[in-house]
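Step one of this worksheet: look at the structure below.
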Amino acid sequence: MATQLPELTAAARVRGLVKRFGDRTVLDGLDLEIGAGEFVALLGRSGSGKSTLLRALAGLEPISGGELEVPGTVAVAFQEPRLVPWKRVGANVTLGLDVPDPEAAAAAALEEVGLLGHRDAWPLTLSGGEAQRVSLARALVRRPSLLLLDEPFSALDALTRINVHRLVLDLWERHRPGVLLVTHDVDEALLLADRVLVLESGRIAHQTAVELDRPRQRDHAELIRLRSVLLERLGVAP
Amino acid sequence: MSPLTPSQSLSNGLNGRTNLLSASSIELARPVGRRGRIALRPPRDALLRVASPLALLLIWQLAGSTGVLPERLLAAPSTIAATAYDLFRDGVLTEALGVSLRRAAFGFTLGALVGIGFALVAGLSRLGEYAVDPPMQMLRALPLFGLIPLFILWFGIGETPKIALVAFGVAFPLYLNTYAGIRGVDAKLAELGQVLRLSRPALIRHIVLPGALPQTLVGLRQSLGVAWLALIVAEQINADAGLGFMINDAREFLRTDVVVVGLVTYALLGLLTDAIVRLLERRALAWRRNFLS
């Protein structure tokens with residue numbers, strides 16, 4: 001919000017980002033730029049600092065050094081949907097939203113994720129997939145220029161995951177926020193993102209553009225090739 | 001005529017019993033499996049459960065009527081029922097009840113305001129925590145009824161020490177539970193509030209206070225239990241009106257029937273307030289109940 005530059009075309013800019021926990025350096029001079037409307041996936045071994053980077057971009061983690069520039073609105077979908085259990089689904093979507101007609105905004109957002117019928121339901125009555133879709137509706141209703149997705153599909157079963165992947169692409173194509181998807185799933189990254197990054201030793205150690213039309217097929221030759229490259233980068237023998 | 005008949009009837013009887021047993025074991029097993037443990041007991045079971053209290057009541061009545069249990073120790077149920085009716089008709093019971101209810105209501109309101117107020121101060125700010133929590137933790141170690149001499153010295157023997165004792169007893173369970181409830185609110189939801197850019201008042205209103213509510217209601221139930229207990233004890237000291245006075249007065253005249261009427265009234269009041277809290281919980285925590293059922 002503070003640094004709104006008129007000519008800015010990036011959804012986020014990170015320069016020389018350092019993050020230490022005690023004497024452990026998790027992010028060590030990391031550079032990253034996410035273009036406006038660009039879908040970026042971030043891979044990395046567990047403990048590599050993927051989530052720390054996302055949390056720093058969300059403003060949840062104070063940084064130890066470097067520059068962080070997020071010009072527009074940021075929205076986050078967490079690994080767990082984090083719905084407020086004592087608010088009905090509709091009120092969860094518009095929580096903290098400052099618009100003239102929140103009811104209509106909630107209805108429109110829930111319609112988009114196919115859950116308009118659940119507007120008056122309590123969150124604890126939803127399935128995992130439904131709750132995650134509400135969480136996406138809550139993020140998108142804020143019209144973010146940067147959408148941060150912190151492994152939001154990892155707790156979903158395989159079938160639900162396929163559906164939510166489609167939904168996310170659909171929503172992204174309609175609203176075109178810049179997206180940073182943190183995931184440990186190489187296939188997921190390749191199916192969804194324009195660009196796949198690998199975080200290693202506190203920096204972006206590798207990146208790959210995925211120039212294929214969506215929806216992509218898992219068994220496409222190019223994806224199979226990229227998968228083995230990425231797996232190798234992640235230290236998994238293909 | 002022949003030895004067949006008795007053996008036939010015996011085997012019939014045995015068969016009949018076996019059938020009965022197996023049938024009843026199925027009957028017993030079914031409701032648990034199908035409707036879960038919360039399922040209402042079948043009427044026959046309910047009847048069995050009231051059987052032993054009824055039997056005790058009957059024995060009590062018999063012991064009273066035959067003089068085995070002298071009335072100066074414990075009046076018979078029939079006498080107690082008649083006395084209850086008389087006390088109610090003459091307005092003695094309703095007047096005493098009114099006085100006691102007023103004490104309880106004043107004391108409870110005062111204690112709740114102090115307990116919840118302090119919990120908000122301590123729960124919502126670090127400074128408040130340092131200022132309020134240590135003294136509250138120290139004070140709660142004091143035995144409630146040990147304070148009576150001090151309260152009499154401070155407030156005399158009128159209504160004030162009685163209300164103060166109830167208030168003191170009510171304040172602590174509400175303080176402790178509300179404070180713990182506020183501090184126990186899921187940090188992930190607080191983080192969500194940050195991401196959604198909720199202002200501090202909005203965070204408190206939408207996340208913190210509703211999150212603390214279940215624990216506060218636990219405190220409410222505890223504090224009501226303490227409130228009645230404190231009231232009963234407080235009313236034993238120099239009261240000239242109220243249920244406690246009615247009981248004490250009756251003791252002077254060996255009227256055990258009146259004593260029991262007073263005790264049953266206290267018990268009913270306790271049950272009533274508990275039912276009110278349950279109702280409150282069902283309404284306020286509907287988001288949870290749906291999940292549980």
- Task: Quick one: which helices (runs of 4 or more DSSP H) lie wholly within region B:115-207 and hold at least 2 residues that are open to solvent by 50 Å² or more (accessible area, probe 1.4 Å) and within 14 Å of chain A (Cβ to nearest Cβ)?
- Result: B:187-195, B:200-203
- Quick check: anything in region B:167-181 closer than 30 Å to A:L83 by Cβ, of a type outside the set (V, I, T) and more than 27 Å from the chain's Cα centre (by Cα)? no
- Message: When you check B:A105 against the structure, is it within 17 Å of B:V226 (Cβ to Cβ) and touching a residue at least 60 places away in the same chain (Cβ under 8 Å), yes or no?
- Response: no
- The correct count of residues that are within 22 Å of the chain's Cα centre (by Cα), among the acidic types (D, E) and either surrounded by fewer than 16 Cβ atoms within 10 Å (Cβ to Cβ) or part of a loop (DSSP other than H, G, I, E, B) (or both) in region A:104-126 is 1
- Message: Tell me yes or no: at least one residue of region A:56-75 is within 17 Å of the chain's Cα centre (by Cα), within 14 Å of chain B (Cβ to nearest Cβ), crowded, with 21+ Cβ neighbours inside 10 Å and free of Cβ contacts under 8 Å to residues at least 60 places away in the same chain.
- Response: yes
- Task: Give me a count of the residues in region B:239-293 that are open to solvent by 30 Å² or more (accessible area, probe 1.4 Å), among the hydrophobic types (A, V, I, L, M, F, W, C) and either more than 14 Å from chain A (Cβ to nearest Cβ) or touching a strand residue (DSSP E or B) at 6+ places or on another chain (Cβ under 9 Å) (or both).
- Result: 14
- Could you tell me whether region A:22-38 includes any residue that is closer than 23 Å to A:R161 by Cβ and touching a residue at least 24 places away in the same chain (Cβ under 8 Å)? yes
- Checking A:P152 against (1) within 23 Å of A:L223 (Cα to Cα); (2) in a helix (DSSP H, G or I), the condition it does not meet: (2)
- Item | Matching residues, region B:90-110, being of a type in the set (G, A, S) and under 20 Å from the mean Cα position of the chain (by Cα) | B:G98, B:S100, B:A104, B:A105, B:G107
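Kindly evaluate A:S46 against the criterion of being out of contact with any Leu (no Cβ under 9 Å at 6 or more places or on another chain), on the phi < 0 side of the Ramachandran plot, in contact (Cβ under 8 Å) with a residue 40 or more places away in the chain and open to solvent by 40 Å² or more (accessible area, probe 1.4 Å).
For A:S46, the condition - out of contact with any Leu (no Cβ under 9 Å at 6 or more places or on another chain), on the phi < 0 side of the Ramachandran plot, in contact (Cβ under 8 Å) with a residue 40 or more places away in the chain and open to solvent by 40 Å² or more (accessible area, probe 1.4 Å) - is met.
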- Note on the structure: Filtering region A:169-198 down to residues that are open to solvent by less than 10 Å² (accessible area, probe 1.4 Å), aliphatic (A, V, I, L, M) and either in a strand (DSSP E or B) or within 25 Å of A:A108 (Cβ to Cβ) (or both) yields A:L171, A:V179, A:L180, A:L181, A:V182, A:L192, A:V196, A:L197, A:V198
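The values are calculated or read from the model by the stated rules, or taken from the named source; none is laboratory data. Because the structure is predicted, anything quoted here is derived from the model rather than measured. Glycine gets a Cβ as well: all are built from the backbone with ideal geometry, and neighbour counts include every protein chain shown. Ligands, DNA and RNA are excluded from the accessible area calculation, which covers all protein heavy atoms including side chains. Shrake-Rupley method; radii C 1.70, N 1.55, O 1.52, S 1.80 Å.
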